[in-house]
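Colleague: So that we are looking at the same thing, I have put the structure below in structure tokens.
The values are calculated or read from the model by the stated rules, or taken from the named source; none is laboratory data. On a predicted model such as this, the values are computed, not experimentally measured, just so you know. Ideal geometry is used to build each Cβ from the backbone, glycine not excepted, and the neighbour counts take in all protein chains shown. All accessible areas refer to the heavy atoms of the entire protein, side chains included, with ligands and DNA or RNA removed. Shrake-Rupley method; radii C 1.70, N 1.55, O 1.52, S 1.80 Å.
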Amino acid sequence: MRERWGLPARVGAALAVAAGLAWAAHRLAEEPNGARLSLSLIFGALFGFVLQRSRFCFYCQWRDFLVGSDSRGMLGILAALAAGVAGYAVILGAWMPDPSGARLPPDAHIGPVGPVLALAGAVFGAGMAVSGSCISAHLYRLGEGSPTAPFALLGTGVGFALGFATWNPLYLASVSEAPVLWLPRHLGYGGSLFVALALLGVLALALLRRLPARAPAPVSVTPWQAVFVVRWPVWLGGLAVGALATLAYLRIGPLGVTTEIGGRTRQAAAGLGLLPDRLEGLDGFRGCATAVRDALLTPNGLFIAGLVLAAFAAALAAGQFRPSRPTRGQALRGVVGGILLGWGAMTGLGCSVGTLLSGIMAGAVSGWVFGLAMFAGAAATLRLGRRARLLA
């Protein structure tokens, strides 16, 4: 959209998109068993709005810290995790008062912990560095008109297909024997909450030492500009993400953005005869499930649709929808990085939102392992890429 579009035109278009989302959610709610689909669309829209307004992106914030020594974004991620950890503890304590048994919380992203999970996290992190974002950020940037996002999401589908092809050997060699570790089972809810918040607190104290010099006092803005134009502080976006994650788990399920991508890819690969005859043990694990999708409308599909459309509306209102023709370099980095993202997400049973964010909030050790490997993989790839002058 060109800059000659004035504020009234941009706001009118944004309101039209928002009205369309509201109408769709209302229609879905009127259908038999449509409440879950309606809520998925609503939560996706809220998530996309928060991501776009706060620039909540795991790789962007990590890169800002590594390259510019700006820790504010990483503190925002820690704020999201802290809010979600506390919220999940309340919900899980009500649903499963005694966590010491053999059962795991319903639908929670708690996966096997082992070398394959660490490898998946590192590859996913490398994909973030190459493509410039994680999968959730590519989705909201698609709504901003990013020239790289479409290629990264296309590559993500290819990466999932490759992940299905390599799953059986990895499962038989390691994943099948890897333990599924849930902290409340061993520490109780209070102990798990204390450990998680203590770890997050230690990380926050370290990051607080790397805060940039105090910026000049912000220019006075109107309430409209504060909400819809000026970028939100990442800590505010983080708290909003934590709250949304808690409410989403209470009503529909853990946050995640790869279930639909993986499921549709699996469906296409199965139709083309590219899948192994059997994917050993895959459907028995928690996380972003990748079962073949037969229904036209699914909760995660509507969640993603709401995310992209709400990010588009937010970008329109803020004057940040700026599509451009992709260069060959952007297309190549998008596809290559997306393949790495897809393989890592499939093999790790989720991405930075599903395995890391929702996993850590639920008390899963797998979330911490995936997260550490992801940030390490992103840092190593960024460093090598900058030395080779291939990444900025």
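Colleague: What does the highest-first list of 194-200, 223-229 look like by mean Cβ count within 10 Å? Write out the running numbers ahead of the final one.
Modeller: Working: 194-200: 15.4, 223-229: 13.1.
Those peptides, ordered most packed to least, come out 194-200, 223-229.
Colleague: Quick one: with all protein chains in place, what share of the accessible area of the chain is carbon or sulfur, to the nearest percent (1.4 Å probe)?
Modeller: Accessible surface attributable to carbon and sulfur in the chain totals 66 percent.
Colleague: Could you work out [θ]222 nm for the chain from helices alone, using -39500 (n - 2.57) per DSSP H run of at least four and dividing by all its residues? Round to the nearest 500 deg cm²/dmol.
Modeller: On the way: 15 runs with 259 residues, N = 392.
Per the formula, -22000 deg cm²/dmol.
Colleague: Would you rank 23, 95, 182 by solvent-accessible area, highest first, keeping every protein chain in place and using a 1.4 Å probe?
Modeller: Accessible-area ranking of 23, 95, 182, largest first: 23, 95, 182.
Colleague: Among 331, 364, 152, which one shows the biggest mean-square fluctuation in a GNM of the chain, springs joining Cα atoms closer than 10 Å?
Modeller: 331
Colleague: Which order do the peptides 334-344, 55-65 take when ranked by the mean count of other beta-carbon atoms within 10 Å per residue, highest first? Mind dumping the intermediate values first?
Modeller: Working: 334-344: 27.1, 55-65: 22.2.
So the order, starting with the most tightly packed, is 334-344, 55-65.
Colleague: So how far, in whole Å, is the C-alpha centre of the stretch 296-352 from the one of the stretch 1-58?
Modeller: Here the answer is 16 Å between Cα centres.
Colleague: Just to make sure I understand: if all protein chains stay in place, what is the order of 222, 156 by accessible area at 1.4 Å, largest first?
Modeller: Details: 222 70, 156 0 Å².
In descending accessible area the options line up as 222, 156.
Colleague: Sorting check: for 242-253, 168-179, 347-358, which peptide has the highest mean count of neighbouring beta carbons within 10 Å, and how do the rest follow? Intermediate values should be presented prior to the final figure.
Modeller: Details: 242-253: 19.8, 168-179: 14.9, 347-358: 30.3.
Going from most to least packed, we get 347-358, 242-253, 168-179.
Colleague: Now for a different question. Could you work out the relative contact order of the chain, using alpha carbon pairs under 8 angstrom and six or more residues apart, expressed as a whole percent?
Modeller: Values: 740 pairs, mean separation 154.2, N = 392.
Worked out over the chain, it gives 39 percent.
Colleague: While we're looking at this one, here's another question. Taking each full run of DSSP H in the chain as one helix, which ones are at least 20 Å long along their axis (Cα atoms) and have mean Kyte-Doolittle hydropathy of at least -0.5? Please report the intermediate quantities before stating the final value.
Modeller: Values: long enough: 7-30 (34 Å, 0.94); 35-54 (28 Å, 1.20); 72-95 (34 Å, 1.60); 115-131 (24 Å, 1.78); 149-173 (34 Å, 1.15); 183-208 (32 Å, 1.67); 234-251 (25 Å, 1.44); 299-318 (28 Å, 1.90); 328-347 (29 Å, 0.67); 365-387 (33 Å, 0.82).
Sorted by number, the helices that extend far enough and score high enough are 7-30, 35-54, 72-95, 115-131, 149-173, 183-208, 234-251, 299-318, 328-347, 365-387.
Colleague: In the P(r) worked out for the stretch 329-391, what percent of Cα pairs fall beyond 16 Å?
Modeller: Working: 1024 of 1953 pairs.
For the stretch 329-391, the fraction of Cα-Cα distances above 16 Å is 52 percent.
Colleague: Continuing with this model, one more query. For 53, 231, write out the residues from largest to smallest accessible area, computed with a 1.4 angstrom probe and no ligands counted.
Modeller: Numbers: 53 0, 231 90 Å².
Correct descending sequence by accessible area is 231, 53.
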